[in-house]
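Asks: Attaching a single structure in structure tokens format; questions to follow.
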Amino acid sequence: MSPIEFSKRLQQLPPYLFAEIDKAKRAARAEGRDIIDLGVGDPDSETPKFIIDALKKAAADGKNHHYAFDAGMPELRKTISRWCQKRFNISLDSDTEVYPLIGSKEGLTHLPLGIINPGDRVLIPDPAYPAYRSSVIFAGGEVVALPLKEKNDYLPELSLLKNAKAVFLNYPNNPTSAILPKAYMKDLIAMAKKENMIVISDLAYSEVYYDDQKPASFLEIDGAKDCVIEFHSFSKTFYMTGWRIGWACGNPKLIAALAKVKTNIDSGIFQAIQVAGIEALNNGDQAAKDMRALYQDRRDAFVQGLRSIGWNVPAPKAAFYLWSPIPKKFNDSMQTAKTFLEKADIVATPGNGFGTYGEGYIRMTLTMEKSKLLEAVKRLKKIL
């Protein structure tokens with residue numbers, strides 16, 4: 001028997017960034033080192049009690065133990081529509097324009113299987129969350145880098161939005177924490193419609209923002225529903241990363257394509273989790289407000305601390321990532337991250353792990369208690 005080999009598509013994938021970071025982190029901890037993990041953006045706070053209580057009650061009900069509807073509970077879809085109306089002032093048909101997901105990452109990864117043909121060009125931001133690139137490769141599409149440069153406030157040049165089937169966008173942005181001005185969004189939608197391009201908007205960080213700068217949805221723009229599908233997550237807003245629940249909304253044809261893929265792949269979200277999701281959306285405004293206050297306090301303390309030791313880092317406007325040019329004494333992103341781990345026991349993410357244009361930058365998360373962030377400042381002072 002000949003050796004078993006990975007498929008050609010799987011061989012095209014680079015090592016998954018966060019898996020590599022986790023491997024290095026576990027090795028350091030195995031040596032007994034006190035690691036401060038500012039690598040992966042997994043919120044450290046617990047899911048609010050009222051959401052957990054809703055799950056417990058629903059899980060005790062045998063009616064929720066069967067296969068879930070592929071399209072999710074009608075009440076969940078209606079609740080999502082009401083939440084979007086309240087938050088963004090957009091109107092969504094809960095039957096055709098909303099689709100619950102087993103986490104937004106799952107939906108973002110499956111969508112290309114329904115809309116991308118082998119050889120189709122897809123614009124992927126660079127730097128970007130690595131899952132976008134992987135999803136296009138799995139669908140057989142051609143990945144085309146869309147540079148995000150600091151001099152442009154990490155916004156793609158509109159002139160580059162051409163000759164492609166679709167474009168992935170993520171604002172508030174991971175890793176750069178950039179946000180989109182609404183005027184820019186209008187111009188981008190106009191360009192996308194002119195080019196017959198699908199806009200895939202990842203809005204997972206919509207509720208993680210600072211200084212009352214509320215991020216907008218592309219679906220607020222007139223005519224955007226003609227070409228936009230948007231992805232939302234419970235993970236960041238309600239500390240529910242491990243629960244795996246999110247949703248897609250927007251153009252009904254794109255929703256239908258995603259739904260057809262998922263119908264052939266999974267059997268929906270555990271219904272008790274859907275019930276808890278309804279509770280989160282209906283009664284989670286204060287929890288989201290408290291979450292923003294927590295991260296803003298951490299952001300201000302961390303940024304001020306790093307600036308006090310001579311590293312003039314920018315303060316993020318949204319999301320919970322600090323994205324900064326590497327300190328002057330370092331040569332590249334990987335060297336910086338390795339030195340942080342080896343000399344300061346700090347896990348940070350090298351910018352080049354997010355793409356070519358991420359070289360020269362480092363990403364650190366705010367998903368760590370403030371005392372640990374201030375301890376990180378003390379450790380970094382010794383090596384900067």
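The values are calculated or read from the model by the stated rules, or taken from the named source; none is laboratory data. Predicted model only: the values in this text are computed from it and were never measured. FYI the Cβ positions are ideal-geometry reconstructions off the backbone, even for glycines, and counts take in every protein chain you see. These area figures cover heavy atoms from the full protein model, side chains too; ligands, DNA and RNA do not enter into them. Shrake-Rupley method; radii C 1.70, N 1.55, O 1.52, S 1.80 Å.
Asks: Share of the stretch 1-123's accessible area from carbon and sulfur, percent, 1.4 Å?
Replies: 54 percent
Asks: Ok, one more. Dividing the alpha-carbon Rg of the chain by 2.2 N^0.38 Å yields what?
Replies: Working: Rg = 20.9 Å, N = 384, 2.2 N^0.38 = 21.1 Å.
So the chain has a normalised radius of gyration of 0.99.
Asks: Could you state the number of Å between the C-alpha centres of the stretch 309-384 and the stretch 1-38?
Replies: 20 Å
Asks: Hey, if you put +1 on the Cβ of every Lys and Arg and -1 on every Asp and Glu Cβ in the chain, which of LEU155, VAL377, GLY41 ends up farthest toward the positive end of that dipole?
Replies: The residue sitting most towards the positive pole is VAL377.
Asks: Still on this structure: Given a 1.4 Å probe and every protein chain left where it sits, what share in percent of the accessible area of the stretch 151-247 is carbon and sulfur? Please report the intermediate quantities before stating the final value.
Replies: Numbers: 1540 of 3390 Å².
The computed percentage sits at 45.
Asks: I've got another one for you. Accessible area per residue of the stretch 1-118 at 1.4 Å probe, in Å²? Kindly include the intermediate steps, with their values, before the conclusion.
Replies: Numbers: 7120 Å² over 118 residues.
Result: 60 Å² of accessible area for each residue.
Asks: Ok, one more. Name the trypsin sites (Lys or Arg not before Pro) in the stretch 322-384 that are in a loop by DSSP and that have at most 16 other C-beta atoms within 10 Å, would you? Can you show the working numbers first?
Replies: On the way: sites: LYS328, LYS329, LYS338, LYS343, ARG363, LYS370, LYS372, LYS378, ARG379, LYS381, LYS382; in loops: LYS328, LYS329, LYS382.
Passing both the DSSP loop test and the Cβ count: LYS328, LYS329, LYS382.
Asks: Quote to one decimal, in nm, the extra length available between LYS338 and LYS289 on full extension: 0.36 nm per residue of separation minus the C-alpha distance between them.
Replies: 14.1 nm
Asks: Kirkwood Rh over alpha-carbon pairs of the stretch 100-238, then Stokes-Einstein at 37 °C and 0.692 mPa s: what D in µm² s⁻¹, rounded to an integer?
Replies: Details: Rh = 15.1 Å.
The calculation lands on 218 µm²/s.
Asks: Give, as a single signed number, the net charge of other residues whose beta carbon lies under 15 Å from the beta carbon of PRO74, with Lys and Arg counted +1 and Asp and Glu -1. Walk me through the numbers on the way to the answer.
Replies: Working: positive: LYS63, ARG77, LYS78, ARG82; negative: ASP70, GLU75, ASP93, ASP95, GLU97.
Residues near PRO74 contribute -1 overall.
Asks: Hey, another quick one. Pairs of alpha-carbon atoms within less than 8 angstrom and 6+ residues apart define the contacts here; what relative contact order does the stretch 1-160 have, in percent? Could you put the intermediate results ahead of the total?
Replies: Numbers: 120 pairs, mean separation 26.0, N = 160.
Normalised by residue count, the contact order of the stretch 1-160 is 16 percent.
Asks: Where the centre of each part is set by its Cα atoms, how far does the stretch 187-220 sit from the stretch 47-103, in angstrom?
Replies: 23 Å
Asks: Now, a different point. Quick one: net charge of TYR154's neighbours, Cβ under 15 Å, K/R +1, D/E -1? The partial results should precede the final answer.
Replies: Details: positive: LYS149, LYS151, LYS317, ARG363; negative: ASP126, GLU150, ASP153, GLU157, ASP202, GLU359.
Taking every other residue near TYR154 into account, the sum is -2.
Asks: Could I ask something else about it? Taking GluC sites (Glu not before Pro) as exposed when DSSP calls them loop (any state but H, G, I, E, B) and at most 10 other Cβ atoms lie within 10 Å, what is the longest stretch of the chain free of them, the sites themselves excluded? Walk me through the intermediate numbers first.
Replies: Working: sites that count: GLU5, GLU31, GLU46.
Here the longest run is 47-384.
Asks: So, one more: Is it possible to state the helix-based mean residue ellipticity at 222 nm for the chain, with each DSSP H run of 4+ residues giving -39500 (n - 2.57), the sum divided by total residues, to the nearest 500 deg cm²/dmol? What is it? It would help to have the intermediate numbers written out before the result.
Replies: On the way: 12 runs with 152 residues, N = 384.
Taking each H run of at least 4 residues, the total per residue is -12500 deg cm²/dmol.
Asks: Give me the net charge of GLU97's neighbourhood, meaning all other residues with Cβ under 15 Å from the Cβ of GLU97; Lys, Arg count +1, Asp, Glu -1.
Replies: Working: positive: ARG77, LYS78, ARG82, LYS225, LYS253; negative: ASP93, ASP95, GLU220, ASP226, GLU230.
That sum, taken over residues with Cβ under 15 Å, equals 0.
Asks: Taking 0.36 nm per residue of separation and subtracting the Cα-Cα distance, what length does fully extending LYS372 through ASP42 add? Please list the in-between numbers first.
Replies: Working: separation 330, 0.36 × 330 = 118.80 nm, distance 1.51 nm.
Value of the extension gain: 117.3 nm.
Asks: Mind checking the log10 I(q)/I(0) for the stretch 113-177 at q = 0.12, 0.27 Å⁻¹? Debye, one equal scatterer per Cα, no solvent, two decimals.
Replies: Each listed q maps to, in turn, -0.28, -1.18.
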